[in-house]
Amino acid sequence: MATGWKLGKVPIQDRLMTLEQPGKPLLFDADKGLVDDISARFNIATIARSLQGKEEKDASNALEKLGQEVMKLTIELADLKYLDRTGEMIEKIARQTGVSFPHRFERYVELFILGLRPMDKWNVAKATTKEMVLQVSACAMHKALQETGIQGLPCKAFCFASFDTA
């Protein structure tokens, strides 16, 4: 048999990447230390109490700044201190293909949610090169804000600001 199917002039076998290296354990899951570091720095209950008595617009502005700060920390930790095999492969593929959305963005969003709200219930419903759809069915931030008497959805500014930062 010849070298197999060809894409252009380069045989596919020459373009394939090895995901695993025999004898070397590779971590594809997020490191628990990332969750611990983010949770230690930002506490949802404390954040909600600090916003108690504020108008929805003021709470929204404060949460927007916080969302940016948490995402910046998440990206820093995910790319430097806790870079896992998934992150390595996403970066390698982005360099090779020139396509980083939605893979890099999705990784940052997932780590952002896991880092601050590990018990939340959410699902990436759609992830294409044109859009990403995230469904959240249980949010610890929203629940904490409701418990402190803050009505509405000022926490959406928190999520949207973090997404813009990513």
Handout entry: So Glu20, is it exposed (fewer than 13 other Cβ atoms within 10 Å of the Cβ), at pLDDT below 90, under 16 Å from Cys155 (Cβ atoms) and out of contact with any strand residue (DSSP E or B) (no Cβ under 7 Å at 6 or more places or on another chain)
Key = no
Practice task
Check off (1) touching a helix residue (DSSP H, G or I) at 6+ places or on another chain (Cβ under 7 Å); (2) closer than 18 Å to Ala62 by Cα for Lys143 and give me the number that stays unchecked.
Solution key: (1)
Completion exercise
Over the stretch 68-103, the set of residues at pLDDT 95 or above and more than 16 Å from Leu34 (Cβ to Cβ) is Gln68
Practice task
Output the residues belonging to the stretch 51-67 that are surrounded by fewer than 16 Cβ atoms within 10 Å (Cβ to Cβ), closer than 30 Å to Asp79 by Cα and either modelled with pLDDT under 95 or polar (S, T, N, Q) (or both).
Solution key: Asn61
Handout entry: helices (runs of 4 or more DSSP H) contained entirely in the stretch 87-166, each with at least 3 residues that are farther than 20 Å from Asp31 by Cα and in contact (Cβ under 8 Å) with a residue 12 or more places away in the chain
Key = 140-147, 155-165
Fill in the blank from the handout: Among (1) under 18 Å from Cys155 (Cβ atoms); (2) surrounded by fewer than 18 Cβ atoms within 10 Å (Cβ to Cβ); (3) modelled with pLDDT of 95 or more, Ser39 falls short only on (3)
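The values are calculated or read from the model by the stated rules, or taken from the named source; none is laboratory data. A quick note: this is a predicted structure, and the numbers were derived from the prediction, not measured. Cβ: placed from backbone, ideal geometry, glycine included. Neighbour counts: every protein chain shown.
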